[in-house]
1. Please calculate how many Å² of accessible area chain A carries per residue, with a 1.4 Å probe and no DNA, RNA or ligand atoms counted.
2. Provide the packing ranking of A:217-225, A:100-108, i.e. peptides ordered by the mean count of other C-beta atoms within 10 Å per residue, highest first.
3. How long are the three semi-axes of the equivalent ellipsoid of chain A, in whole Å, if each is the root of 5 times an eigenvalue of the C-alpha gyration tensor, listed from largest down?
4. Let me make sure I get this right: for the range A:261-316, a, b and c are the square roots of the gyration tensor eigenvalues over alpha carbons, sorted descending. Under 1.5 in a/c it's rounded, otherwise prolate if a/b > b/c, else oblate. Which is it?
5. How many percent of the alpha carbon pairs in the range A:60-121 exceed a separation of 16 Å?
6. For chain A, which whole percent of the accessible surface, found with a 1.4 angstrom probe, sits on carbon and sulfur atoms?
7. Using the per-residue mean of other Cβ atoms lying within 10 Å as a proxy for protection, in what order, highest first, do the peptides A:152-163, A:129-140 fall?
8. Tell me the mean residue ellipticity at 222 nm calculated for chain A from its helices only (DSSP H runs of n ≥ 4, each -39500 (n - 2.57), averaged over every residue, nearest 500).
Amino acid sequence: MTAPTLPPHSSPTAPAPATDGPADASGVPLGETLHTQVITWFDGNARDLPWRRADAGAWGVMVSEFMLQQTPVNRVLPVYEQWLARWPRPADLAKEAPGEAVRAWGRLGYPRRALRLHGAAVAITERHGGDVPTEHAQLLALPGIGEYTAAAVASFAYGQRHAVLDTNVRRVLARAVTGVQYPPNATTAAERRLARTLLPEEEETAARWAAASMELGALVCTAKNESCHQCPISGHCAWRLAGKPAHDGPPRRGQTYAGTDRQVRGKLLAVLREAHTPVPQAMLDRVWHEPVQRARALDGLVADGLVEPLPGALYRLPLT
DNA sequence: GATTCGTGGTA
DNA sequence: TTACCAAGAAT
């Protein structure tokens, strides 16, 4: 049997709608084939993650999405459980000091997310009666929620039809449809167009497709050491059919860490997370030898609202 | 659009 | 060991 091919990425025009696109050998529209195969695979291979359970609720989905921004699932799991147990509703978190959110964030990294999640909980309590809003635009207006997270919450929590373009889905589409190993560094208009084009018409199917294509990227179509032998769409993956050509163009920016302000900020905040009384500057001075960078990092934390300076050269996590 | 923002696991 | 990577957002 001949493997059906997806529309070439070099096509100057937008791909045809999913239900009206090219057909495979059996005459089934290709988009539907793709959806069916990936969703069927998902039915048998989806991980049992707590935020996917029926009782997670929109708040659980939202908390998980904040934590999963740039942080692996395995590291999120224990912290997620603690957060939901301690703050089962947005209003529970909203009445806490923001510093408590930062402390409970632990070592997930990018602690501004904790501050933004707290801010989002406050906004939800004040503006939405304590319920995570259902509209994409309302979600987008909350602190810490961007294009991806708004679509993810609306899709996963409320079953709506949105193009959910995270790094996993972008990689799956780059390979399966466009025929390249990696997507561009930043999300492009062409990627959004493609994702919208491939979105199933039916709302429930679209939401299922979003979760399934993301899971495929996370478990099978991984950045390195992809497992094409267990991929449900390997038979019509443009990248694989092209012989899996290596990524050309500029290497994707490595993120050096040692010696950066980020590392210093991390060390400073680690001290403050552990302390339950205001910390003297002298104690913070011990985390980094270079005074100029140390001061810059501390100032940055204060400017970001992650640290509250007190009279007498004392510092703590923010109470307000 | 390019940068900045943590942390830890893996090859 | 260095380099890359992990469900992005804000500026």
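1. On a per-residue basis, 50 Å².
2. Descending packing order for the listed peptides: A:100-108, A:217-225.
3. So the equivalent ellipsoid measures 42, 23, 16 Å along its semi-axes.
4. In terms of gyration-tensor shape, rounded.
5. The share of Cα pairs beyond 16 Å in the range A:60-121 comes to 32 percent.
6. Result for chain A: 53 percent of the exposed heavy-atom area is carbon or sulfur.
7. Numbers: A:152-163: 21.7, A:129-140: 16.6.
Descending packing order for the listed peptides: A:152-163, A:129-140.
8. The helix contribution divided over chain A gives -14500 deg cm²/dmol.
The values are calculated or read from the model by the stated rules, or taken from the named source; none is laboratory data. Values in this document were obtained by computation on a predicted structure and should not be read as measured data. For neighbour counting, all protein chains shown are included, and Cβ atoms are generated from backbone atoms with ideal geometry for every residue, glycine included. Areas reflect the complete protein model, heavy atoms only, side chains present, ligands, DNA and RNA absent. Shrake-Rupley method; radii C 1.70, N 1.55, O 1.52, S 1.80 Å.
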